[in-house]
Amino acid sequence: MAKQVPNIRGGSLNLNNKKVYLVGFLILFIIITIASSIRVIGTGSVGVVTQFGRVTGRELPEGLSVVAPWGINNVAVYDIKVQKEQVTSTAASKDLQDVSSQVVLNYNVERDSVSKLHQNIGTTYVDKIINPAINEVFKAASAEYTASELITKRSDLKNVAQKTLTQRLSPYGIDVSQLSIVNFKFSDNFSKAIEEKQVAQQNAERAKFNLEAARTDAQAQKAQSLTLTANYLQKQAIEKWDGKLPTYLGSGTVFNIPLK
């Protein structure tokens, strides 16, 4: 019976393959570890570091930073530059007229309050606190003015709303830069009533102007009739006479002077 000779060459190949797999795995492990450890924070942003969901108090500045890999540390990035939020808000005026407007807010998150904001509210703070605050403040401020006053006193409404909104958002570390209220829109019936009122005012002003003009013209004519006496007209005619008598003279007068 023939003896089987061990395949030394094949065993060596299997061992080499295992080494290749191990080296490849180690390289992949190192790459993933490095990639999950590096965080790049953009300009005007701050990164809040959490560990297993808990805020660590560490904040990452702009640029490159290293954190614990493999999901041990996570980073929530907050933009602290001035940002713009635009909301279409509806309300009722003091005289119970429906009104809607575009409310535009410029704001920024204060750098020192980022971790607190993340811990108490989270990255969805715009939907949770800013938009609701804008709507509530606009409703409350609009209720203090009649529909007509909302148009004529828009700057007052804006100042009141901005002051109130600043007080509402300040505890969260959100600084209000500027608030604008634009494009007031009322119900169709009220808009029509405003248009008719404006037309009526224009017509009344036009009638008043025409009346004053007619009165002034009448006074001028009266004054003229009082000053245009016969002697005055004769004097004016003599002053304008070129010294030439008419070619044919009948039995009349010139400047009330008998010709014959």
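The values are calculated or read from the model by the stated rules, or taken from the named source; none is laboratory data. Just so it is clear, the model here is predicted, and its values are computed rather than measured. Backbone-built Cβ (ideal geometry, glycine too); neighbour counts: all protein chains shown. For accessibility, only protein heavy atoms count, side chains too; no ligands or nucleic acids. Shrake-Rupley method; radii C 1.70, N 1.55, O 1.52, S 1.80 Å.
General observations
- The number of residues in the stretch 47-88 being closer than 18 Å to K116 by Cβ, free of Cβ contacts under 8 Å to residues at least 24 places away in the same chain and not in a loop (DSSP other than H, G, I, E, B) comes to 5.
- Reported count of residues in the stretch 117-145, each being open to solvent by less than 40 Å² (accessible area, probe 1.4 Å), more than 30 Å from V77 (Cβ to Cβ) and outside any helix (DSSP H, G or I), is 1.
- Residue that is nearest to F186 (Cα to Cα), among those in the stretch 137-174 that are among the acidic types (D, E) and touching a residue at least 24 places away in the same chain (Cβ under 8 Å): E149
- Residue ID - farthest from G57 (Cα to Cα), chosen from residues in the stretch 78-116 that are of a type in the set (S, T, Y) and open to solvent by 40 Å² or more (accessible area, probe 1.4 Å): T90
- Exactly one residue among L165, L169, L179 is part of a strand (DSSP E or B), surrounded by 12 or more Cβ atoms within 10 Å (Cβ to Cβ) and at pLDDT 95 or above, and that residue is L179.
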